[in-house]
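Heads up: the structure comes next, in structure tokens.
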Ligand code: CTP
Ligand code: MN
């Protein structure tokens, strides 16, 4: 365990430009950055950038980027600790592996759990390969068509039937019961307090995170014993809504293809990879979540959903597909014939069979419409309205206006209704009442309260991108021109972009001090935020008068926030005026107040005759 302090010292001591230049001799200075042709992919024009101030590199061609450690990891195929040791030697810093108080207790706990889970995986794996009591498990896997290579590649294992074996082996290695329990490897019997292995007499599938650490396990019963699968509980390192099984193994392929097939289960993934479909991963029986969608963003633009052809599978396809579509993915759905899982299909009929199905995915919106037509059959106006009501919220959520318009047009055509009518219907859909976001205080002044964007995001609506870019710009400016004044201006801000908010929480004290080392906060950020921040810091921007620019940005941001709220209020008031919803004078008053403040005069008066 290398103390965080030491890691930071090493990072700060490395001259990134010099380090990169050793492998990339063509590195040339351009503006504040250095550029070259990317060493990680083939290209003719240089899109590989190094920013020495920030200590970061980024290739705008293939997308790789990160700090000095990441560079060494990629260049030399090292893991993170190895890259730290390598660079420490380079700059002459000795690493005392002892714990440092600087390592937060939580980070320390997670490290411990990773270590234990790795040990446990090795224990199960060795058992499966070598032990005589795993003969049935080996025969079972062979019957399911798994090759030895797959078993090794996915580090599959066997948990012995005694229910004590893992604990005993772990104790011998010095792991204590509390840690085993935290890692989800032990169960305590209520009452007697006796402890048992969580997994026993099961085939074990380790689950990896995207950094290649084992975070949990799934255990399958052999044959028809129930429950079929037992999984690790949620632990400090595992939450099932955040991981996709097989993603780590598929990453190199995914980076190139940017197309992923989402399956349901462990077996499906292992067998698909075995047959060369490495661009597959599984949700492990749960619905695809927003967190999964964010994770997928990093490795793909196109997603094919391949769930079971049953009702649950169809429901999962719809929910998952909606999240992906709203986020701008190209989504297709593949349905296999009844009662055939991808793994069975492959084992029985070979690679070409699945390939054939994957060649012709049904575009998600067509699939959605098909499902809705089954749910609301016939061409009666009521059916059309019902279908429109189910599908319009998704179309409304689409972030890309071109796609949104296209899908609206297609739906209108499919339902044989006029597009403007459908558009009007869509406009009426309320994502969330804007009034919840604006409160009237006693003096009659409106205040934009709470976090509108967070509320919007909850309702599935992403804030306008113009708003995002203002925040990005403000953040970037603060990193380039840190000062006390800048920090004060931005501390007063409710960031709507969660990434900016996270980063700001980390850098704010440094900005106030006038010195920011972005690379040193990187480690504390989730991987997707890191990947977002790196290219941002590579932006070439010059501010003649940073403080004045920032003040303007903040003012503009405030107005945008309020205008967005006002626009939503207006939609609701419009519905009151045309009688769709009852008139609410308090809301009219709130609207008028905000509108007056923003534009100078109210637009909506009292309804005549009331
Ligand atoms: N699952 C689970 N617990 C269960 C059943 C299923 O966690 N009791 C999860 C597993 O991740 C499983 C996935 O849901 O892989 C899909 O379930 P299912 O289709 O029933 O299993 P298969 O993956 O098809 O497993 P197998 O092929 O071994 O029967
Ligand atoms: Mn199956």
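Table: residues versus (1) in a loop (DSSP other than H, G, I, E, B); (2) assigned by TED's automatic domain parsing to the domain that holds residue 84; (3) modelled with pLDDT of 50 or more; (4) within 24 Å of the chain's Cα centre (by Cα).
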| position | (1), (2), (3), (4) |
| --- | --- |
| 447 | no, no, no, no |
| 467 | no, no, no, yes |
| 471 | no, no, yes, yes |
| 477 | no, no, yes, no |
| 485 | no, no, yes, no |
| 490 | no, no, yes, no |
| 493 | yes, no, yes, no |
| 502 | no, no, yes, yes |
| 525 | yes, no, yes, yes |
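Could you list, in sequence order, all residues of the stretch 281-309 that are within 16 Å of ligand 1 (Cβ to nearest atom) and either in contact (Cβ under 8 Å) with a residue 60 or more places away in the chain or within 15 Å of the chain's Cα centre (by Cα) (or both)?
Listed by number, the residues that qualify are 281, 282, 283, 284, 287, 288, 289, 292.
Only one of (1) at pLDDT 95 or above; (2) surrounded by 22 or more Cβ atoms within 10 Å (Cβ to Cβ) is not met by residue 300, so which one is it?
Only one criterion in (1) at pLDDT 95 or above; (2) surrounded by 22 or more Cβ atoms within 10 Å (Cβ to Cβ) is unmet by residue 300, namely (1).
With 22, 18, 43 as the choices, which residue is over 19 Å from residue 522 (Cβ atoms) and part of a loop (DSSP other than H, G, I, E, B)?
The unique qualifying residue is 43.
When residue 211 is evaluated against the numbered criteria (1) surrounded by 22 or more Cβ atoms within 10 Å (Cβ to Cβ); (2) out of contact with any strand residue (DSSP E or B) (no Cβ under 9 Å at 6 or more places or on another chain); (3) in the same structural domain as residue 118 (by TED's automatic domain parsing), which criterion, by number, is the only one it fails?
So residue 211 meets the others, but not (1).
Please work out if residue 167 is closer than 27 Å to residue 250 by Cβ and without any contact (Cβ under 8 Å) to a residue 40 or more places away in the chain.
no
What's the number of the only condition in (1) under 25 Å from the mean Cα position of the chain (by Cα); (2) under 30 Å from residue 105 (Cβ atoms) that residue 13 fails to meet?
Checking residue 13 against (1) under 25 Å from the mean Cα position of the chain (by Cα); (2) under 30 Å from residue 105 (Cβ atoms), the one that fails is (1).
Identify all residues within the stretch 354-371 that are away from ligand 2 (no atom under 15 Å from the Cβ) and over 25 Å from the mean Cα position of the chain (by Cα); write none if there are none.
355, 356, 357, 359, 360, 366, 369, 370, 371
Residue by residue, here is whether (1) over 28 Å from residue 573 (Cβ atoms); (2) modelled with pLDDT of 90 or more holds:
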site	(1), (2)
362	yes, yes
394	no, yes
406	yes, yes
409	yes, yes
431	no, no
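So residue 233 ticks every box in (1) more than 22 Å from residue 391 (Cβ to Cβ); (2) within 16 Å of ligand 1 (Cβ to nearest atom); (3) without any contact (Cβ under 8 Å) to a residue 60 or more places away in the chain; (4) buried (at least 21 other Cβ atoms within 10 Å of the Cβ) but one. Which box is left unticked?
Here residue 233 clears every test but (4).
Count, please, the residues in the stretch 346-366 that happen to be in contact with a helix residue (DSSP H, G or I) (Cβ under 9 Å, 6 or more places away or on another chain) and away from ligand 1 (no atom under 14 Å from the Cβ).
8
Tell me which residues, restricted to the stretch 226-269, are more than 21 Å from residue 308 (Cα to Cα) and within 16 Å of ligand 2 (Cβ to nearest atom).
If the condition is that a residue be more than 21 Å from residue 308 (Cα to Cα) and within 16 Å of ligand 2 (Cβ to nearest atom), then no residue fits.
Given the structure, is residue 285 surrounded by fewer than 21 Cβ atoms within 10 Å (Cβ to Cβ), modelled with pLDDT under 95 and within 16 Å of ligand 2 (Cβ to nearest atom)?
Yes, satisfied.
Do you know which residues across the stretch 182-223 are in a strand (DSSP E or B), in contact with a helix residue (DSSP H, G or I) (Cβ under 8 Å, 6 or more places away or on another chain) and within 22 Å of residue 151 (Cβ to Cβ)?
197, 203, 204, 205, 206, 208, 214, 215, 216, 217, 218, 220
Only residues that are in contact with a helix residue (DSSP H, G or I) (Cβ under 7 Å, 6 or more places away or on another chain) and either part of a loop (DSSP other than H, G, I, E, B) or more than 14 Å from ligand 1 (Cβ to nearest atom) (or both): list them for the stretch 329-345, please.
331, 332, 333, 334, 336, 341
Quickly run through the stretch 214-244 and pick out the residues that are more than 17 Å from the chain's Cα centre (by Cα) and under 23 Å from residue 528 (Cα atoms).
Scanning the stretch 214-244 gives 214, 216, 234, 235, 236.
Of everything in the stretch 35-75, what is without any contact (Cβ under 8 Å) to a residue 60 or more places away in the chain and more than 17 Å from residue 17 (Cα to Cα)? Give them in sequence order.
Within the stretch 35-75, 41, 42, 43, 44, 45, 61 meet the criteria.
Looking at this structure, is residue 318 within 15 Å of ligand 2 (Cβ to nearest atom) and modelled with pLDDT under 95?
no
The values are calculated or read from the model by the stated rules, or taken from the named source; none is laboratory data. Since this is a predicted model, take the numbers as computed values, not measurements. A quick note on method: Cβ atoms are made from the backbone with ideal geometry, for glycine too, and the neighbour counts reach across all protein chains shown.
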